[in-house]
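The values are calculated or read from the model by the stated rules, or taken from the named source; none is laboratory data. Everything numeric in this text was worked out from a predicted model, so none of it was measured. Ideal geometry is used to build each Cβ from the backbone, glycine not excepted, and the neighbour counts take in all protein chains shown.
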Amino acid sequence: MRFANPAGFWFLLAALPVVAMHMLKPRRVEAVVSSHLLWDAETAGSTGARPWQRLPVTLPLVLQLLVVGLLALAFASPSIEREAALANHTVVIIDASASMGATDGSPDRLADAKEVALSLWDERPEAGRMSVIVASTGSRVLASATQDRSTYEAAVRSIRLGDGSADLASAMALAEGLETPAETIGIVLISDGGHSPVELAALPPGVTHRQVGDSDINRAITSLDVFETAEGLRATAVVEAAGGSDSAG
């Protein structure tokens with residue numbers, strides 16, 4: 001279970017005044033007497049109530065604490081994540097950008113992505129169809145609406161690592177182009193998650209993302225210059241990071 005707004009649990013502090021109210025509430029035992037006229041002078045200016053009393057476990061207290069707990073849980077916005085069932089026609093988009101060559105996989109992220117893609121075949125509904133799109137500097141369709149397992153597996157295994165970033169926009173456009181008026185498609189994106197906010201915002205609603213790799217932080221050398229000086233050859237490199245909270249320049 002995940003919480004979209006964990007700060008909502010701060011509302012649990014509202015239980016403190018509820019408990020204090022019940023501890024400070026005076027509790028007196030009523031008794032019937034013939035007269036209290038003779039005791040008025042003795043009781044003037046005094047009280048039998050104690051400012052702090054042992055917390056009584058009463059039904060109103062339990063109900064009020066329950067309401068506070070339920071409101072705090074509602075403010076925290078809990079959600080349960082589970083993998084969505086595949087559509088009758090599922091388009092699998094595999095990220096083949098350079099960052100998928102990171103070695104926090106077996107042996108790299110792309111190999112893990114292929115294994116995830118191959119396992120999707122067994123998750124498809126009966127008579128379901130599968131398409132494969134590789135997202136690299138140039139996205140392309142490798143298999144279209146196939147019901148043949150060998151064709152699907154061959155398409156997945158044929159994917160090779162690219163030397164640039166993944167063009168998710170073109171990959172999504174290709175996927176939407178496979179949709180027909182009679183049947184909508186489901187899209188599964190297998191990636192390391194190192195995408196910019198602009199790329200993520202451009203994803204169509206309902207896209208299922210299956211992440212590979214231990215981290216979504218991607219680092220790359222984007223510029224390398226070698227030049228000669230009086231002291232000899234020197235090199236300067238620019239390293240950029242994308243994804244996660246890491247940044248470098």
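When ASP40, ASP104 are checked against the criterion of being outside the structural domain of ALA15 (by TED's automatic domain parsing), more than 27 Å from SER144 (Cβ to Cβ) and modelled with pLDDT under 90, ASP104 stands alone in meeting it.
Would the stretch 94-101 turn up any residue that is assigned to a loop (DSSP other than H, G, I, E, B) and in contact with a Ser or Thr (Cβ under 6 Å, 6 or more places away or on another chain)? Yes, that holds for at least one residue. Given the residues ALA154, ALA87, which is the only one that is closer than 22 Å to VAL207 by Cα and of a type in the set (A, V, I, L, M, F, W, C)? Exactly one of ALA154, ALA87 is closer than 22 Å to VAL207 by Cα and of a type in the set (A, V, I, L, M, F, W, C), namely ALA87. Taking the stretch 198-215 as the range and being at pLDDT below 70 and within 14 Å of LEU168 (Cβ to Cβ) as the test, no residue passes. For the stretch 113-128, check the following and say yes or no: at least one residue is hydrophobic (A, V, I, L, M, F, W, C) and free of Cβ contacts under 8 Å to residues at least 24 places away in the same chain. No, the stretch 113-128 has no match at all. You will find that of ALA15, ALA72, ALA31, ALA76, the residue that is modelled with pLDDT of 70 or more, over 24 Å from the mean Cα position of the chain (by Cα), more than 30 Å from ILE133 (Cβ to Cβ) and surrounded by 10 or more Cβ atoms within 10 Å (Cβ to Cβ) is ALA15 and no other. Going residue by residue through the stretch 154-170, is there one that turns out to be of a type outside the set (Val, Ile, Thr), closer than 14 Å to THR90 by Cα and either out of contact with any Pro (no Cβ under 9 Å at 6 or more places or on another chain) or without any contact (Cβ under 8 Å) to a residue 60 or more places away in the chain (or both)? Checked the stretch 154-170: no residue is of a type outside the set (Val, Ile, Thr), closer than 14 Å to THR90 by Cα and either out of contact with any Pro (no Cβ under 9 Å at 6 or more places or on another chain) or without any contact (Cβ under 8 Å) to a residue 60 or more places away in the chain (or both).
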